[in-house]
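Structure, as structure tokens:
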Protein chains: 2
Amino acid sequence: MMDRHRAGAILKELQLKTTPKRVEVMRLLAAEPSFLSADDVWQRLKSSFTHIGLPTVYRILDELTGAGVITRIFLPDRKQYYFLCTNQEHHHHFVCESCRRVEDVEQEQCGLDGLAREISRRSGARVTSHILQINGVCGTCLKEGAAV
Amino acid sequence: MMDRHRAGAILKELQLKTTPKRVEVMRLLAAEPSFLSADDVWQRLKSSFTHIGLPTVYRILDELTGAGVITRIFLPDRKQYYFLCTNQEHHHHFVCESCRRVEDVEQEQCGLDGLAREISRRSGARVTSHILQINGVCGTCLKEGAAV
DNA sequence: CTGCGTGCAAAGTATTTGCAAACCG
DNA sequence: CGGTTTGCAAATACTTTGCACGCAG
């Protein structure tokens, strides 16, 4: 699990005060192989804090998402899901629809940078960001017959 | 603008009854170079129908999205936006954050199919879908100084 | 100290649902 | 005619906001 010191260092770098709640959110997310909803995070935090409000969870998740530490995961239910990837390289995610586990997809295979360059060359547009999420069923779930 | 006959044909193919509301939603979306919210669509429909409910608009948009006729566009405001691309080839979209216009990005440049194959080869997962959306500011908006 | 961070309560609002009436095929 | 489709009203539920107190630096 991510140690408190490292969480604090990241927060400092983001110019956010190192509060126990923020640290715990980061540690918790870093220990999760799956994406979580704000409510999921809240439930888990309740075991560490007696007083913790859902709005606080939303605020912390927003800050971390804005700072790029956390990635949003898109699901058809249009709730917001979060995933913290310790991998700092630019990359994307494979999301298992069955177990919610998230796996990294390496950048070399993605080719998005070239695509962005191509777009701006052809139409004069400036690419500022992109969303790339691969959905499916992971190998483990397939074996367990969890396929849809 | 997409003619009613073509809209009807598409609906028939989807095994949906050809109702005036559905036809008009398709025509309207096909004529839009930008993505629209359910509410946007509703407002536009009001000029064609006196009795038209917002839930109906949502239902129609859901049906068409599920059938793959309409693409969802993701924005930070977490509302749902829709865009109808007449281009039947597999492709993706460049979304201008300033004018909301959507431009096609051709498939050859994307390489996502290869990526999906690579993922399943390496981890045994099955890829069922993916989201790829390129965000930025289009050439026209850049010239107009609309850049953020 | 001093301003950012948080709890709590309450609001906001996009989206969904239930049901009866209208309509397509 | 019979099962879809739609209008309307109401509900859902996620997320946000306001404000006062508490805590990090």
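The values are calculated or read from the model by the stated rules, or taken from the named source; none is laboratory data. Keep in mind that this is a model prediction, so the values were computed, not measured. Reconstructed Cβ throughout: ideal geometry from the backbone, glycine too, with neighbour counts over all protein chains shown. These accessible areas exclude ligands, DNA and RNA; they are computed on the full protein's heavy atoms, side chains included. Shrake-Rupley method; radii C 1.70, N 1.55, O 1.52, S 1.80 Å.
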With the convex hull built on the alpha-carbon atoms of the stretch A:8-95, volume per residue in Å³ sits at 98 Å³
Listed residues B:44, B:22, B:126; largest mean-square fluctuation, Gaussian network over chain B with Cα springs below 10 Å, found at B:126
With a Förster distance of 41 angstrom and the Cβ-Cβ distance between residue A:120 and residue B:63, calculated FRET efficiency to the nearest 0.05 equals 0.70
Chain B: antiparallel bridges as % of DSSP beta bridges, rounded to 5, reads 75 percent
Too long for a 25 Å Cα-Cα cut-off, among A:21/B:79; A:79/B:21; A:17/A:79; A:17/A:46; A:46/B:79; A:79/B:12, are A:21/B:79; A:79/B:21; A:17/A:79; A:46/B:79; A:79/B:12
The stretch A:91-143 -> Rg/Rh from Cα coords, Kirkwood Rh, value 1.15
By the C-alpha gyration tensor axes a ≥ b ≥ c (rounded if a/c is under 1.5, else prolate when a/b exceeds b/c, else oblate), the shape of the protein assembly as shown is prolate
Share of accessible surface on carbon and sulfur in chain B, whole %, 1.4 Å probe and ligands ignored, is 49 percent
Longest chain B segment clear of GluC sites (Glu not before Pro) sitting in DSSP loops (not H, G, I, E or B) with at most 13 other Cβ atoms within 10 Å runs B:1-88
